[in-house]
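The values are calculated or read from the model by the stated rules, or taken from the named source; none is laboratory data. Since the structure is predicted, the reported quantities are computational estimates derived from the model, not experimental observations. All Cβ positions, glycine included, derive from the backbone under ideal geometry; neighbour counts span all protein chains shown. Keep in mind that these areas ignore ligands, DNA and RNA; they rest on the heavy atoms of the full protein, side chains included. Shrake-Rupley method; radii C 1.70, N 1.55, O 1.52, S 1.80 Å.
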Amino acid sequence: MTIETKIGIGASMPRREDARLLSGRGRFTDDLLLPRMAHAAMFGSPHAHARIVRIDTAAAAALKGVLGVFTGKDLAGVMGPMPTLATPPVVQHCVAFERARHVGEPIAVVVAESRYIAEDAVALIEVEFEELPVVVDPEAAVKSTGNAVLHPEFGSNIVHQSRHAWGPVEEAFSQAAHVVCREFRWPRVGPQPLETCAAIADYDAITGHFQVWANMSQQSVIGPKFAKILHTDMAHMTFHIRDVGGSFGGKATLYHVPLLAAVLSREIGRPVKFVEDRAEHMTAGNQHASDRLYKAELAINAENRFTGLRLRVLDDMGAYFLIATGAHGNALAQATGPYQIDALEYDLTCVVTNKTQQAPYRGFGGEVGNFVLERMVDAAAAELGVHPVELRRRNFIANDQFPYRTPVGNLYDSGDYTRVLDAAMALADEHKIWDMPKHAAPGKRIGIGLATVNERSVLSMTEFWLLDADPIFPQSSSPESVQVSIHADGTVNVSIFAPHWGNSPETMAAQITAHELMIPPEWIRVVQVGTDGGMLSKGPAGSRYTAMLAGAILGACTKLKQRILAIGAHRLGVLIDEAVYADGQVTCKADSSRAIALPDIARASHSHRLDFPGDDQTFRSGLTESFTCDHPRATLPTQDRTDLGVFYPIVGHACHIAVVEVDEATQSSRVIRYVAVHDAGTIVNPRLVDGQIRGGIAQGIGTALYEQYLYDDEGQLVNATLADYGVPTSEEIPDMILGHVETPSPFTAYGIKGCGEGGRLAAMPALAAAFDDAYRDSNLYVDRLPMTPSALHTKLSQLKPV
Amino acid sequence: MTNEKQETTAITLTVNGETMSGVVEPRMLLSDFIRQDLQLTGTHVGCEHGVCGACTILIDGVSVRSCLTFAVQAEGCRIETVEGLLERDGKLSPLQQAFSDHHALQCGFCTPGLLMTATELLRTRPGASRDDIRDAISGNLCRCTGYQTIIDAIFDMGTRLLAEEKSA
Ligand code: FES
Ligand code: FES
């Protein structure tokens, strides 16, 4: 057995991150204590929509231990507005002034010797508000006028409107044998990681330099924007990497917390820590995701083949528009799912309302598209009288159609959807799911649901603007960089950029480097460098990290191995093509007893430069190589957007089979069995992939059964605690039965596809179908989530009026 | 409430076997005292309102949410935190190792609280079934793992403890 098969790609190598996290030595942002560090607390708006007439900070400022009190106006003089991806920009300040647009929006901020004092001072701030009309209903927001318009410069609450059609849409619908029409309501949910957003900043007045520690990500990409906002430049900012207590996408657009810490540190001349409390995280943490209404139509021909899909979507973005239409660009990457559907129409309206604004959440809109499409397929099966599994099989893209171009222009790299479906059906069979009696226990019903969805992965960046006709910032880079250095003793240092936010970047880096250099992982140290390392990194987002990191490591190691081979061959006195590098040594092809081990090569490279030809850069001192991996396959959209280009071409697939049990009296439900089979291409570390899938499914169960941010008519978030919001506990999440199919991607290093979002991309439609099945006798059709007892009760009573 | 004249109180307690003391305001949360004053930052704070369980520690052997406890209430108590779980030689304890072996943690933010809940459970009921464990950890939220592997780890540890008890 070579080393490779034991430790490399495909092995369940133990995690590097675990020891420190298990022993209480994690490096979370709030764990850092700096000398003279002060603490910030915010005054959040109690109103959903109000003009700020007057702020009296005198009593707060006079409190002993208070170092500064700042209003939005104060800060606007020393910093610019927040970054946004929207065209045209919807201006947002870290601390609002003139107008509060959602409950919890920061209105003032206090810095004090301790957080206790800071919070005491917040309680002493007096604000006079003049209430404005509150908009919480997205359909009403479309028609808002006058003072109900949140951003008067827009003239209305509509911040984006577009209609695009790809392929023969009219023809598909005019010639359809059958058209299925449904409407859907997708709930406002969010990631709610266990760790809230946190930042520490330390400004040095002498050098004008900021140090920032925050549980944000993409520091090398967003850093220069932060610098500009703070009226400085990147040469005066250092972002450090910390452990992150979960993100699930939400912290990818974490801006106001680190920006505030930075500006406050400069204002008071001391390090400042700002950690959100949970209520702030829920109301002002930008932790809400898609909040959509759909009108969908699916055209089907006489052979029961899908020919066209029309989606009319209204999305409630909350009070600002930071992520622009990114979550719709995302959904468009696989809007037609695993099916061959040649025509698509997407009619999108985005409105602002008096709620906290949207941020990414695992799936980033793709999960909503998957839900709608799968629900449409189930509706079609019911209307056509065809078995839903058979209808899926009939419409699947066939194996010989890959790489498959979708109507919008995106590419699916590879797949075998039938094999994934067969594997899931077989697993369900093996676990006797099909035999489960409908009424296992008295007063209980059981329902089984299935979904087959695609799992786009490896984000490019065009999704954020491809629906804009004339984007301000048409970004298209999504690089990942590494530096691999081999020390003089043969051990290795791998520098990566990304934070650990629950994925396993250090383990991945060690495992892939061990695989590529064919050395034991114990020889490899992985370090996370911040922006001072000068490496460009997009970090974890859009299920891209492992695939892109692998590409970067492969690139750096390939360069290294060429040099290792040259040095080794020179030492052995043979030509390069007479030697080979494997298992940590260079060996003579003709005589395998003649070999030189990596540590000896490394020592030669570090210390014996004059033993080698002087003019050949191959032999330059030291073995250090860096590599930046760009997206392997992405392209730009055309100017007219008739072709959106290739923007999410690494496409996995999943089939989920869920079993729910519903109590007939209380309509409360539980997920009691769960089968999931995923194709995430080549699997680097099976145990970690399973972890991602399970975690995603657990969040999917939350979305489908329990979670929702609930706003009342006044725009108050009425369930702003983790308990009321409904993050599932261990009682609500069943054990899961997992299976895998591997169709390697032809585009990525080793054929890896992303798998970070897959569980949540697939779970909701399977669960919805399970509810349908439980109440098949009443013709239940789940078209909104979550299916809480009261939601289910309402649905059922509409079906069977008493 | 202002802090102009906050009274302070001296407290002494044992933390992971060591006697420690501090001077605190009566309103100081035990979680803050542990994290800030004692600089034992392994105990995490996820909600500060008693829901998430990330701040779970043991006081006199019983699991407690340190965010719902004032530091002054711990006067004279025996406190155990995640930092006390390591073996004498600094290696991971069998329970910690089981968490790693079963991939029972991803971001690791919930993990210290879960380890303390599990420690209490395994001391009192090493024979707990998977269902018992599921029930026992239902006050500890984890947003990453879906809980299954956490239950696997605790069950595995319990099974080994039982076997050791029998052979002893
Ligand atoms: S921090 Fe104590 S229960 Fe959440
Ligand atoms: S491992 Fe992240 S919350 Fe449990």
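Can you find, within region B:134-149, the residue that is nearest to the other protein chains (Cβ to nearest Cβ) among those that are touching a Lys or Arg at 6+ places or on another chain (Cβ under 9 Å) and assigned to a helix (DSSP H, G or I)?
Across region B:134-149, the extreme among qualifying residues is B:Gln148.
Based on this model, can you work out whether A:His631 counts as surrounded by 17 or more Cβ atoms within 10 Å (Cβ to Cβ) and either of a type in the set (A, V, I, L, M) or modelled with pLDDT of 95 or more (or both)?
Taking the combined requirement at face value, the residue satisfies it.
Could you check region A:159-190 and list, in sequence order, the residues that are touching a Ser or Thr at 6+ places or on another chain (Cβ under 7 Å) and within 14 Å of another protein chain (Cβ to nearest Cβ)?
A:Val189, the sole residue that qualifies.
Across region B:37-66, what is the number of residues that are within 11 Å of chain A (Cβ to nearest Cβ), acidic (Asp, Glu) and more than 7 Å from ligand 1 (Cβ to nearest atom)?
1
Within 12 Å of another protein chain (Cβ to nearest Cβ), in contact with a Cys (Cβ under 7 Å, 6 or more places away or on another chain) and either under 21 Å from A:Ile693 (Cβ atoms) or open to solvent by less than 20 Å² (accessible area, probe 1.4 Å) (or both): does that describe A:Leu738?
no
Residue-by-condition table, conditions (1) closer than 23 Å to A:Trp213 by Cα; (2) more than 14 Å from chain B (Cβ to nearest Cβ); (3) buried (at least 24 other Cβ atoms within 10 Å of the Cβ):
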| site | (1), (2), (3) |
| --- | --- |
| A:Ala451 | no, yes, yes |
| A:Val458 | no, yes, yes |
| A:Ser476 | no, yes, no |
| A:Glu480 | yes, yes, yes |
| A:Gly490 | no, yes, no |
| A:Pro499 | yes, no, yes |
| A:Thr513 | no, yes, yes |
| A:Gly533 | yes, yes, no |
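Across region B:37-64, what is the total count of residues that are within 16 Å of ligand 2 (Cβ to nearest atom) and under 17 Å from B:Thr14 (Cα atoms)?
Residues flagged as within 16 Å of ligand 2 (Cβ to nearest atom) and under 17 Å from B:Thr14 (Cα atoms) within region B:37-64 amount to 3.
Quick test of your reading of the structure: B:Ile154 fulfils all but one of (1) within 16 Å of ligand 1 (Cβ to nearest atom); (2) more than 8 Å from chain A (Cβ to nearest Cβ); (3) closer than 25 Å to A:Glu732 by Cα. Name the failing condition by number.
(1)
Which condition number in (1) buried (at least 23 other Cβ atoms within 10 Å of the Cβ); (2) in contact with a Leu (Cβ under 8 Å, 6 or more places away or on another chain) is the one that A:Cys588 fails?
Every listed condition holds for A:Cys588 apart from (1).
Would you be able to tell me the number of residues in region B:94-111 that are free of Cβ contacts under 8 Å to residues at least 12 places away in the same chain and more than 9 Å from every other protein chain (Cβ to nearest Cβ)?
The qualifying residues number 0.
Can you tell me how many residues in region B:33-42 are assigned to a helix (DSSP H, G or I) and open to solvent by less than 20 Å² (accessible area, probe 1.4 Å)?
3
Which residues, counting only those in region A:490-530, are outside any loop (DSSP other than H, G, I, E, B) and among the aromatic types (Phe, Trp, Tyr)?
If the condition is that a residue be outside any loop (DSSP other than H, G, I, E, B) and among the aromatic types (Phe, Trp, Tyr), then A:Trp523 is the only one that fits.
Would it be correct to say that A:Gly681 is touching a residue at least 12 places away in the same chain (Cβ under 8 Å) and either more than 12 Å from every other protein chain (Cβ to nearest Cβ) or more than 20 Å from the chain's Cα centre (by Cα) (or both)?
Answer is yes for this residue.
Under 6 Å by Cβ, and 6 or more places apart or on different chains, what pairs join a residue from region A:114-125 that is within 14 Å of A:Gly44 (Cα to Cα) with one that is part of a helix (DSSP H, G or I)?
Pairs found: A:Ala121/A:Ala60; A:Leu124/A:Ala59; A:Leu124/A:Ala60; A:Ile125/A:Ala60.
With open to solvent by 10 Å² or more (accessible area, probe 1.4 Å) and more than 22 Å from A:Ala763 (Cβ to Cβ) as the only criterion, which of A:Arg419, A:Arg394, A:Arg445 stands out?
Exactly one residue qualifies, and that residue is A:Arg394.
Answer yes or no: is there a residue in region B:71-81 that is more than 14 Å from ligand 2 (Cβ to nearest atom) and touching a helix residue (DSSP H, G or I) at 6+ places or on another chain (Cβ under 6 Å).
yes
Output the residues belonging to region A:221-277 that are within 16 Å of ligand 2 (Cβ to nearest atom) and open to solvent by 10 Å² or more (accessible area, probe 1.4 Å).
A:Arg242, A:Phe248, A:Gly249
Anything in region A:105-118 that is among the hydroxyl-bearing types (Ser, Thr, Tyr) and either part of a loop (DSSP other than H, G, I, E, B) or crowded, with 24+ Cβ neighbours inside 10 Å (or both)? List them, or say none.
Within region A:105-118, A:Ser114 is the sole residue that qualifies.
Looking at region A:185-196, I want the residues that are without any contact (Cβ under 8 Å) to a residue 24 or more places away in the chain and within 18 Å of A:Thr729 (Cβ to Cβ) and have a partner that is small (Gly, Ala, Ser) and crowded, with 24+ Cβ neighbours inside 10 Å with Cβ atoms under 9 Å, at least 6 apart or on another chain. Which pairs are those?
Filtered contacts from region A:185-196: no entries.
Could you please find all residues in region B:112-132 being within 16 Å of ligand 2 (Cβ to nearest atom), more than 8 Å from every other protein chain (Cβ to nearest Cβ) and touching a Ser or Thr at 6+ places or on another chain (Cβ under 9 Å)?
B:Gly113, B:Leu114, B:Met116, B:Thr117
Residue under question is A:Ala141, and the condition is that it be surrounded by 15 or more Cβ atoms within 10 Å (Cβ to Cβ), more than 30 Å from A:Leu467 (Cβ to Cβ) and more than 14 Å from chain B (Cβ to nearest Cβ); does it hold?
no
Return the residues of region B:24-36 that are among the charged types (D, E, K, R) and within 13 Å of ligand 1 (Cβ to nearest atom); say none if nothing qualifies.
Those that are among the charged types (D, E, K, R) and within 13 Å of ligand 1 (Cβ to nearest atom): B:Asp32, B:Arg35.
Residues that are in contact with a Leu (Cβ under 8 Å, 6 or more places away or on another chain): which strands (runs of 3 or more DSSP E) entirely in region A:179-286 hold 2 or more of them?
Filter on region A:179-286 gives A:198-204, A:209-214, A:272-275.
Going by what's in this entry, would A:Leu536 be described as touching a Lys or Arg at 6+ places or on another chain (Cβ under 8 Å) and not β-branched (Val, Ile, Thr)?
So A:Leu536 does not fit the description; no.
Within region B:77-90, which residues are more than 15 Å from B:Thr117 (Cα to Cα) and within 9 Å of another protein chain (Cβ to nearest Cβ)?
B:Leu86, B:Gly90
Looking only at region A:607-642, count every residue that is within 21 Å of A:Ser457 (Cβ to Cβ) and either acidic (Asp, Glu) or part of a loop (DSSP other than H, G, I, E, B) (or both) and tell me the total.
Number satisfying all stated conditions: 8.
Every residue, every condition in (1) open to solvent by less than 30 Å² (accessible area, probe 1.4 Å); (2) in contact with a Leu (Cβ under 6 Å, 6 or more places away or on another chain); (3) without any contact (Cβ under 8 Å) to a residue 12 or more places away in the chain; (4) under 23 Å from A:Thr253 (Cβ atoms), yes or no:
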residue	(1), (2), (3), (4)
A:Phe28	yes, no, no, yes
A:Val53	no, no, no, no
A:Leu63	yes, no, no, no
A:Leu75	yes, no, no, yes
A:Val78	no, no, no, yes
A:Pro81	no, no, no, yes
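From the residues in region B:11-32 that are on the phi < 0 side of the Ramachandran plot and part of a loop (DSSP other than H, G, I, E, B), which one is nearest to ligand 2 (Cβ to nearest atom)?
By that ranking, first place goes to B:Met28.
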